[in-house]
Amino acid sequence: MSNSRSAPRRDSACAWDDDPVVASWEGLPRLEQTVTADACVVGLGGSGLAAVVELAGRGLRVVGLDGGRVAAGAAGRNGGFLLGGPSAFLHSAVEAWGAPAVELYRATLAELDHLAAVLGPDVIARTGSIRLAGLPGAPRDAAEARDRAVEEADCAALAAALRDNGIRVEHYEGELGTGVYLPDDAAMNPSRRALKLAALLRHSAELYEHSNVRLIDNGRVVTDHGAVHAPVIIVAVDGRLEQVLPELRGRVRTARLQMLCTAEGLPRRLPCPVYGRWGYDYAQQTADGRLFVGGGRDLFADAEWTTDTSPTTAVQHYIEYVAERIAGRPVDVVQRWAASVGYTDDGRPLCAETRPGVIAVGGYNGTGNLVGAVAARAAVALALDRTPPPAYLAG
Ligand SMILES: Cc1cc2nc3c(=O)[nH]c(=O)nc-3n(C[C@H](O)[C@H](O)[C@H](O)COP(=O)(O)OP(=O)(O)OC[C@H]3O[C@@H](n4cnc5c(N)ncnc54)[C@H](O)[C@@H]3O)c2cc1C
């Protein structure tokens, strides 16, 4: 590994914010009065913004609140992978939940088509994605070689399940190793996605930043400096959902996921988002050569059940190792960060009315960029039409 390791800083800056769309974000006001609306959305990440789109599209007066900047949480600090399906690979999800797993896969691909149409190719790059068996490079020991062979068989099982359901998949064999290529998937800068969407919504909804919600009670959402009265309240907070709605303790649990970004100028090696070693390790490379790398969640599971969002030395050292395997050379790390996500016991995301008129969505198990928007739309249908959430969501 390179000698670029330094002690991780608390809540360090995220390299996705080094982007012209993000840099030109003028910000939104803080809520400083009491307002009345048809609906209030708490949390303006990708999921909350999807709920705002859906509610405003019905002609409703919508107020959206975020405690920080738009996409201050995981929605702006993640790997930027837009992958079809639930967090588990399709064949495993079908084994656990049956046909609803395939329905969720189709719903996420439809969501991706919709996002690409709304935001355009400068935000959503339809690159496809590669699932690798193992990590690039020769196995380092016998255990890694054995695991890779098992994972190659699992890639074949995944490909069979996708084909059986009419979802496009190809065998991948190349410089990075072997696995499967999923042509329908995509890549993005997640901050850019959220801020561009928020900018488009500015005239159809009232959005507020730096308006932390401290109480939700009887049709009222109270922030530090104001309040919203609304008969419909959608709480779209993935990580730390159980802090905003304590009744969800035991149903969703917050974990930390960590990433790093390398300096520019690495030779182009990743044609699209790549995830390996059972999907636990992942990387995306931008046009300027930077690698955005995350992973190791399974190796540090106990320590990562936390609401703390500081990167840690142990996880960062591991991710740096992954970055070097992916780059095929030493890397120079320039930024490290972490964010909170929510997990559920059975892997199904949550879409549930937890109090009259209050609907919570979250618990995407580490893969919420598309699933979160799907769940948010289901929350709006539940709130306004009383349509029960699809079976792939836990009600
Ligand atoms: C390092 C990392 C890598 C990841 N990689 C991927 C990936 O490549 N692909 C993928 O699909 N998923 C990935 N995920 C998961 C994904 O980022 C999340 O599931 C998704 O972004 C959740 O979005 P959200 O809008 O539901 O919630 P969040 O991003 O959690 O947004 C919640 C918003 O609510 C606000 N908020 C919280 N509490 C309050 C309050 N009390 N009052 C007001 N506002 C509040 C926060 O400021 C935040 O902006 C990753 C996550 C991490 C951390």
Subject >> Positive-pole candidate from Ala50, Ser129, Ala227, dipole of the chain, charges at beta carbon >> reply: Ala227
Subject >> Size of electric dipole in the stretch 145-225: Cβ of Lys, Arg +1 and of Asp, Glu -1, about Cα centre, debye, nearest 20 >> reply: 480
**OP:** Evaluate 2.2 N^0.38 Å with N set to the residue count of the stretch 149-277, then give the Cα radius of gyration divided by it.
**Re:** 1.55
Subject >> Kirkwood-based shape ratio for the chain, expressed as Rg/Rh from alpha carbons >> reply: 0.96
**OP:** Show me 16-28, 361-373, 95-107 ranked by packing, highest mean number of other Cβ atoms within 10 Å first.
**Re:** 361-373, 95-107, 16-28
Original post:
When N counts the residues of the stretch 320-368, how does its alpha-carbon radius of gyration compare numerically with 2.2 N^0.38 Å, as a ratio?
Top reply: 1.85
Subject >> Residue among Tyr172, Val244, Cys261 farthest towards the positive dipole end of the chain, charges placed on Cβ >> reply: Val244
Original post:
How big is the stretch 21-135 by the Kirkwood estimate over distinct Cα pairs, in Å?
Top reply: 16.9
Subject >> Rg/Rh ratio calculated on Cα atoms of the stretch 78-204 (Kirkwood radius) >> reply: 1.04
**OP:** Choose one answer from Gly137, Gly295, Gly79: the residue with the largest mean-square fluctuation in a GNM of the chain with alpha-carbon springs under 10 Å.
**Re:** Gly137
Subject >> For the chain, size of Cβ-based charge dipole, Lys and Arg +1, Asp and Glu -1, in debye >> reply: 420
Subject >> Distant-in-sequence amide H partners of Val35 (H built 1.01 Å from N, under 5 Å) >> reply: Ala227, Val228, His229
Original post:
Which value, in debye to the nearest 20, describes the size of the charge dipole of the stretch 244-372 about its Cα centre when Lys and Arg Cβ atoms bear +1, Asp and Glu Cβ atoms bear -1, and nothing else is charged?
Top reply: 180
Original post:
In square nanometres, what is the average projected area of the Cα convex hull of the stretch 130-186?
Top reply: 3.9
**OP:** With viscosity set to 1.567 mPa s and temperature to 4 °C, compute the Stokes-Einstein D of the stretch 87-139, Rh being the Kirkwood radius across alpha carbon pairs; µm²/s, no decimals.
**Re:** 96
Original post:
Whole-Hz Karplus ³J(HN,Hα) for the stretch 346-356, in order, using 6.51 cos²θ - 1.76 cosθ + 1.60 and θ = phi - 60°, x for Gly and Pro?
Top reply: 9, x, 7, x, 9, 8, 9, 7, 9, 9, x
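Every number here is computed from the coordinates shown, using simple stated rules; none is lab data. Keep in mind that this is a model prediction, so the values were computed, not measured. Reconstructed Cβ throughout: ideal geometry from the backbone, glycine too, with neighbour counts over all protein chains shown.
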